[in-house]
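Structure record follows, encoded as structure tokens.
Just so it is clear, none of the values below were taken in a lab; they were calculated from the coordinates. Given the structure is predicted, the values throughout are model-derived calculations rather than measurements. Here the Cβ is made from the backbone with ideal geometry for all residues, glycine too, and neighbour counts use every protein chain on show.
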Amino acid sequence: MATIARSLSAVLLLMTATLSPARAFDIEAHRGGRALFPENTLVSFSGALSMGVDTLELDMGVTRDDVIVVSHERWLSPDLARDRQGQYVAPPGLPYVDLTLAQVKTYDVGQIRPGSSYAANFPDQKAVPGTPVPTLAEVFDLVRRSGNPHVRLNIETKIDPDHPETSPDPERFVTLLLALLDKEKFADRVMVQSFDWRTLQLVHQRAPSIPTVYLTMQAGPNPNVFLDRPSPWTAGFDPVTHGGTVPKAVKAAGGQIWSPLYYDVTADTVREAHDLGLEVVVWTVNKPEDMARLIDLGVDGVISDRPDLLREVARTKGIALPAAYPVSP
Ligand code: G3P
Ligand code: CA
């Protein structure tokens, strides 16, 4: 008997050693789920929490009085923001760095401008007039109110090395962010993501326990990383000088998560990233057939404007679904 038990434990030990570690799949609501609700608002985040997601994805800007607000653009967008008279702001928009929080709060971002290409792209987004731009602190408060102890936030520093005048510099941005996370005691609930890897380098140095998410776009309209030349976005960690591939550059930069545009990834690059110990979380995937294909490729998470569809596809793949925590905005 003792011999059989010893052989069995040897087999089990071998199996444990050869199986790759289990990865929990990450269902992320992009901007809270912008195909369904006004993006990056308490309305969309409460919708996502009420449905059940693993992660709220959101974008950050900074006001003139140093408040972190949640917004994809570094300005009040002409496609989203209406003043108290109901007029959408004129192009090119009003930069947050020129506005106080009190000024930002006078605008309504609850309804896409009718006739815009954004409106055509998201015809099912529910209009919720009277919705303000939230601060990041207000999103933390919503998460607390929901009672969800698991949901995480994938928070993106919106900063552009080619347009330094439209945001604080990386140093200031990260200083403000880490101070807020410290004050709100939310550092253990967030991942910091960026196309501008300079901010991620500062997060590594100052708050090494916070996971960093290296965003990349190679084939899309605004590439931030190239295989054959350096980029101002990569803080010096270019594939051309760091191993020849994007996953190797992310690894060299110290990243834990590689977050590529979904049509940049292949089975080979997903495998390479995993071999390097990176997780792969793709954006922004809205068609069920693409979600299913990417899950089959082995990605560790999907960021989607349709978290409802993503939940359904994940369910059919046998992935455990995150619980719903209904909460009002
Ligand atoms: O998190 C990835 C995705 O949000 C990056 O693209 O432009 O929607 O912020 P964008
Ligand atoms: Ca984003």
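Just to be sure, is Gly277 in contact with a Phe, Trp or Tyr (Cβ under 8 Å, 6 or more places away or on another chain) and not hydroxyl-bearing (Ser, Thr, Tyr)? No.
Scanning region 105-135 for residues that are buried (at least 20 other Cβ atoms within 10 Å of the Cβ), in contact with a helix residue (DSSP H, G or I) (Cβ under 6 Å, 6 or more places away or on another chain) and hydrophobic (A, V, I, L, M, F, W, C) yields a total of 2. For region 101-111, the count of residues that are within 16 Å of ligand 2 (Cβ to nearest atom), touching a Pro at 6+ places or on another chain (Cβ under 8 Å) and hydroxyl-bearing (Ser, Thr, Tyr) is zero.
The rows are residues; the columns are (1) in contact with a strand residue (DSSP E or B) (Cβ under 6 Å, 6 or more places away or on another chain); (2) part of a loop (DSSP other than H, G, I, E, B).
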{"residue": "Asn222", "(1), (2)": "no, yes"}
{"residue": "Phe226", "(1), (2)": "no, yes"}
{"residue": "Arg229", "(1), (2)": "no, yes"}
{"residue": "Thr234", "(1), (2)": "no, yes"}
{"residue": "Val240", "(1), (2)": "no, yes"}
{"residue": "Ala249", "(1), (2)": "no, no"}
{"residue": "Gly255", "(1), (2)": "yes, yes"}
{"residue": "Ser259", "(1), (2)": "yes, no"}
{"residue": "Tyr263", "(1), (2)": "no, no"}
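Residues considered: Val302, Val270. Of these, the only one that is in contact (Cβ under 8 Å) with a residue 24 or more places away in the chain, surrounded by fewer than 22 Cβ atoms within 10 Å (Cβ to Cβ), under 19 Å from the mean Cα position of the chain (by Cα) and not in a loop (DSSP other than H, G, I, E, B) is Val270. When region 129-171 is filtered for residues that are polar (S, T, N, Q), over 13 Å from Arg189 (Cβ atoms) and either touching a Pro at 6+ places or on another chain (Cβ under 7 Å) or part of a loop (DSSP other than H, G, I, E, B) (or both), the ones remaining, listed by number, are Thr131, Thr166, Ser167. Being charged (D, E, K, R) and within 16 Å of ligand 1 (Cβ to nearest atom), is that true of even one residue in region 231-241? No, region 231-241 has no match at all.
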